[in-house]
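The structure appears right after this line, and notes come after that.
The values are calculated or read from the model by the stated rules, or taken from the named source; none is laboratory data. Please read all numbers here as calculations on a predicted model, not as lab measurements. Note that we place each Cβ from the backbone using ideal geometry, even for glycine, and neighbour counts take in every protein chain shown.
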Amino acid sequence: MEAKYKRVLLKISGEALAGEDHFGINEEMLKKVALQVKEISEMGVQVAVVVGGGNFWRGRTSKSMDRATADYMGMLATVMNAMALQDAFEAEGLPTRVQTAIEMREVAEPYVRRKAISHLDHGKVVIFGAGTGNPFFSTDTTAALRAAEIDAEVILLAKKVDAVYSDDPETNPNAVRYESLTHKEVLERDLKVMDSTAASLCRDNDIAIHVFALAEEGNVMKAVCGEKIGTIVR
């Protein structure tokens, strides 16, 4: 198998990391992710990771809390996930750096674009934590922004669901599954691939989005090799 991309940004949702537990971090899922990233890294693919925080905290669901405060708490949740991923990657022998958009030098480097690119060029996996560092932006937007900044060719969107559907397949059995879409279709049909800010950022910077299920063995490798799994947005 040959890699189709040289540099990718893997976006992992917090929910996907929780696995069957639905909350917190499932250690089996951590190992599964680490092994899949190791596979593509050994093919010479440069890997950056953005991780969500929904397995610990979802600011949007809080009715009484100030939105900015809730979002900052969500950013801290992503740092916990980033540290767990770093530990899992290094247990598999992958050199890894965590960079955070909110400074916390005791646990991670502050985000510096040139440093991140240098780490990638030297074969290290770079995990971006703390979102964009700003409230009112999702980690999907972080993924789109960081992918543009580091010149990633594709965002690998690893989720709990296996593709993009016209509706939630868990509640609507008639939901239509899409194999390919354009950024414009995603925005016009208001498909919940990622939020509209992230989708339009990807469209404006010509970044492809490949959506697939994280839980299925070997899916990251298949996506990197351009196999037809999940949904591709171009």
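On the basis of being in contact (Cβ under 8 Å) with a residue 40 or more places away in the chain, among the small types (Gly, Ala, Ser) and not in a helix (DSSP H, G or I), does residue 215 make the cut?
yes
Which residues, counting only those in region 169-194, are modelled with pLDDT of 85 or more and of a type in the set (D, E, K, R)?
Matches in region 169-194: 177, 179, 184, 185, 188, 189, 190.
I'm told residue 191 meets every condition in (1) crowded, with 23+ Cβ neighbours inside 10 Å; (2) in a loop (DSSP other than H, G, I, E, B) except one. Can you identify the failing condition by its number?
(1)
Which count do you get for residues in region 99-127 that are under 17 Å from residue 7 (Cα atoms) and not acidic (Asp, Glu)?
Summing the residues that are under 17 Å from residue 7 (Cα atoms) and not acidic (Asp, Glu) in region 99-127 gives 14.
Among 158, 198, 213, which is within 21 Å of residue 131 (Cβ to Cβ), modelled with pLDDT under 90, of a type in the set (A, V, I, L, M) and in contact with a helix residue (DSSP H, G or I) (Cβ under 8 Å, 6 or more places away or on another chain)?
Within the list 158, 198, 213, the selection yields 158.
What's the number of the condition residue 223 fails, among (1) under 14 Å from the mean Cα position of the chain (by Cα); (2) over 19 Å from residue 138 (Cα atoms); (3) part of a loop (DSSP other than H, G, I, E, B)?
Only one criterion is unmet by residue 223, namely (3).
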